[in-house]
Amino acid sequence: MRDVLGWATVIGVLIAGPGLLIFGLMHTFSRKPVEKKYEGLSSGGLGGAFDAIWSPSAHEAGMERDRQTQRTAPAPAPGDPPSPIADGHISLDL
């Protein structure tokens, strides 16, 4: 029984290190803004050319994903009062 507990302790210690590392990386990447998460995943270069030729629907889906992950300032709705001008600059309330 002592052998089993000894091996279980050794295995638990060996698993704890990588487990904490993976948990820390998941926590770090989950807090990044959307623009930073998918920064290197855009279909460009040689792979993007193959997508555009052989799989146009995948290329269009990638372009749509890129369009949706870019944040823009909200446009004013009809009937909203104009934004105030301070020192010659228009200030937007976001």
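Some points to look at:
- Hey, His89 open to solvent by 100 Å² or more (accessible area, probe 1.4 Å) and either under 22 Å from the mean Cα position of the chain (by Cα) or modelled with pLDDT under 80 (or both) or not: yes
- On the stretch given as the stretch 54-71, residues that are among the basic types (Lys, Arg), modelled with pLDDT of 80 or more and open to solvent by 100 Å² or more (accessible area, probe 1.4 Å) total 1.
- Scanning the stretch 20-37 finds one or more residues that are in a helix (DSSP H, G or I), open to solvent by less than 80 Å² (accessible area, probe 1.4 Å), at pLDDT 80 or above and not polar (S, T, N, Q).
The values are calculated or read from the model by the stated rules, or taken from the named source; none is laboratory data. Worth saying up front: this structure is predicted, and the values here are computed from it rather than measured. The accessibility values were calculated without ligands, DNA or RNA, using every heavy atom of the protein model including side chains. Shrake-Rupley method; radii C 1.70, N 1.55, O 1.52, S 1.80 Å.
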